Amino acid sequence: MRSFRLIPDDTRIPFVRYRYWAYAFSSALVLLTLILLPTKGLNLGIDFRGGILIEAGMPGPADLGAMRSTLGNLDLGEIALQEFGAPANVLIRVESQPGGEAGQLAAVNKAKTALADRFGDDISYRRVEFVGPKVSADLLWASAQAMFYATLAILIYIWFRFEWQFAIGAIVALVHDAVTTLGLFSLFGLEFNLASVAAVLTIIGYSTNDTVVIYDRVRENLRRYKAMPLPELIDRSINETLARTVMTSLTTLLALVALVLFGGPVIRDFTIAITWGVLIGTYSTVYVASPLILHLHLAREPIGEAVETP
């Protein structure tokens, strides 16, 4: 009995033939993002806008849903909660309030009173901090640096592992994925916070993994089929790794779709971004990173006497 295969072993899809359509589509996505970012901007979260941080110790394991419902009825604006260390420890982020320091203190007291009425007086408060715009700006700058240095490290790694043409193709694909992910946040008004930065870095890593797999096969085939035209060789390399690429992306998407549907509002924006990243990362690996090698004058070894033919 033959085993079921989602992707047959002998696929011969001419991916390179459609590269200019892919370039046009990718250029449109990037252009749309470059229009959205200065006009609509990003929906910055508390991490980057500033606000109030409250670390609370609950009497027992925290019920984040009930706490979110209680604090959400106080008209304090955006509120974010997450477990912090032990299940009973909760980090509460509250949007910055008008009225200066008096307004911030009033919001803290209002939140404490509401939590005491709902969960009792046994709640302990380990710290209360007011995050100003200076700290938020520093966090935003540090996040931008993290994405830049991650991209730079990947460039250096691929440059040393392969040839410089491969590194350029990979970086163009990574920048494409990161920029279009920012466009997704701007277009749909998803909250952009530190978790979103983690999502972008995850997308960069995922896309790099896919790209390196195909690049490895391209390099192997360059040695094996020295007389094969480069477009045909790239198509062959993509088709040979297609089953692995599709199955990896599909199984990841199954988990992500479940998180989007049932994970709750706390991680929904994060998982939406990662879901988009898996899709756009798979696309850019096949239609951006791989075909770009054709335009970068990749040097090939001279044809020897013993040349394996396809």
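The values are calculated or read from the model by the stated rules, or taken from the named source; none is laboratory data. Model, not experiment: these values are computed from the prediction. Heads up, the Cβs are rebuilt from the backbone with ideal geometry, glycines too, and the neighbour counts pull from every protein chain shown.
Things to note:
- The residues on offer are A167, A173, A195, A150, and the sole one that is touching a residue at least 60 places away in the same chain (Cβ under 8 Å) and either among the acidic types (D, E) or under 20 Å from D210 (Cβ atoms) (or both) is A173.
- Among the residues of this structure, T245 does not count as one that is within 14 Å of the chain's Cα centre (by Cα) and either crowded, with 17+ Cβ neighbours inside 10 Å or assigned to a helix (DSSP H, G or I) (or both).
- The set of residues from the range 87-120 being touching a residue at least 12 places away in the same chain (Cβ under 8 Å), under 35 Å from the mean Cα position of the chain (by Cα) and exposed (fewer than 15 other Cβ atoms within 10 Å of the Cβ) comprises just one member, P87.
- Scanning the range 235-246 turns up no residue that is at pLDDT 90 or above, closer than 22 Å to V200 by Cβ and not basic (K, R).
Residues checked against (1) closer than 19 Å to V16 by Cβ; (2) of a type in the set (D, E); (3) surrounded by fewer than 20 Cβ atoms within 10 Å (Cβ to Cβ):
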{"site": "V200", "(1), (2), (3)": "no, no, no"}
{"site": "I204", "(1), (2), (3)": "no, no, no"}
{"site": "I214", "(1), (2), (3)": "yes, no, no"}
{"site": "A227", "(1), (2), (3)": "yes, no, yes"}
{"site": "A255", "(1), (2), (3)": "no, no, yes"}
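- Test result for L36, assigned by TED's automatic domain parsing to the domain that holds T241 and surrounded by 15 or more Cβ atoms within 10 Å (Cβ to Cβ): yes
- Whichever residue in the range 141-168 is in contact with a helix residue (DSSP H, G or I) (Cβ under 7 Å, 6 or more places away or on another chain) and among the small types (G, A, S) and, among such residues, is farthest from R223 (Cα to Cα): S143
For every residue, the table says whether it meets (1) touching a helix residue (DSSP H, G or I) at 6+ places or on another chain (Cβ under 6 Å); (2) over 23 Å from V30 (Cβ atoms).
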site	(1), (2)
D177	yes, no
A199	yes, no
P231	yes, yes
R244	no, yes
